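A short worksheet on the structure shown next.
The values are calculated or read from the model by the stated rules, or taken from the named source; none is laboratory data. Just so it is clear, the model here is predicted, and its values are computed rather than measured. All Cβ positions, even for glycine, are placed from backbone atoms using ideal geometry, and neighbour counts span all protein chains on display.
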């Protein structure tokens, strides 16, 4: 028996696994409209993240970009936050519990310093992009 098998609990789950691997259909990130313009404040749900690390990275980059879209040159950090809470979009990983990324943990940092293009690049992490690439390849 392997050392890993010895560490498994009664359900067969390894401790610290943190449900890293996706449930059926993949992890889902919910985009939330903070301005209240969308029904139930939900703009959309992006499905198909293969693991929690990918979903968390997407949610973080999405919010980072949203904060930057609300930033005007010369704004104080508190003004950036106020604008984001009025007009921005938040993101959450559905059913990730304590292991899901939370904007509240980083908002002060986001507001106090401008993001790099890489920090804002949620599009490269979007699983719909991969699906679109596969569809385009199939059209040849």
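Okay, here's what the table says:
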{"item": "Subset of segment 101-114 that is part of a loop (DSSP other than H, G, I, E, B) and under 19 Å from residue 43 (Cα atoms) - its residue that is nearest to the chain's Cα centre (by Cα)", "result": "101"}
{"item": "Condition check for residue 42: under 22 Å from residue 25 (Cβ atoms) and more than 10 Å from the chain's Cα centre (by Cα)", "result": "yes"}
{"item": "Subset of segment 84-105 [farther than 14 Å from residue 64 by Cα and out of contact with any strand residue (DSSP E or B) (no Cβ under 6 Å at 6 or more places or on another chain)]", "result": "86, 95, 96, 97, 98, 99"}
{"item": "Breaking point among (1) over 23 Å from residue 117 (Cβ atoms); (2) surrounded by fewer than 19 Cβ atoms within 10 Å (Cβ to Cβ); (3) touching a helix residue (DSSP H, G or I) at 6+ places or on another chain (Cβ under 6 Å), for residue 77", "result": "(1)"}
{"item": "Scope segment 115-129; condition part of a helix (DSSP H, G or I), within 19 Å of residue 22 (Cα to Cα) and touching a residue at least 24 places away in the same chain (Cβ under 8 Å); matching residues", "result": "125, 127, 128"}
{"item": "Failed condition for residue 61, given (1) without any contact (Cβ under 8 Å) to a residue 60 or more places away in the chain; (2) under 12 Å from the mean Cα position of the chain (by Cα); (3) assigned to a helix (DSSP H, G or I)", "result": "(1)"}
{"item": "Candidate set: segment 82-93, residues that are surrounded by 14 or more Cβ atoms within 10 Å (Cβ to Cβ) and out of contact with any helix residue (DSSP H, G or I) (no Cβ under 6 Å at 6 or more places or on another chain); chosen: the one farthest from residue 46 (Cα to Cα)", "result": "82"}
{"item": "Qualifying residues in segment 74-98 (those that are free of Cβ contacts under 8 Å to residues at least 12 places away in the same chain and more than 20 Å from the chain's Cα centre (by Cα)) - the one nearest to residue 27 (Cα to Cα)", "result": "82"}
{"item": "Number of the condition not met by residue 43 [criteria: (1) part of a strand (DSSP E or B); (2) surrounded by fewer than 19 Cβ atoms within 10 Å (Cβ to Cβ); (3) at pLDDT 95 or above]", "result": "(3)"}
{"item": "Criterion (loosely packed, with under 12 Cβ neighbours inside 10 Å, at pLDDT 80 or above and part of a loop (DSSP other than H, G, I, E, B)) met by exactly one of 12, 36", "result": "36"}
{"item": "Conditions (1) surrounded by fewer than 19 Cβ atoms within 10 Å (Cβ to Cβ); (2) modelled with pLDDT of 95 or more; (3) closer than 26 Å to residue 22 by Cα: number failed by residue 98", "result": "(2)"}
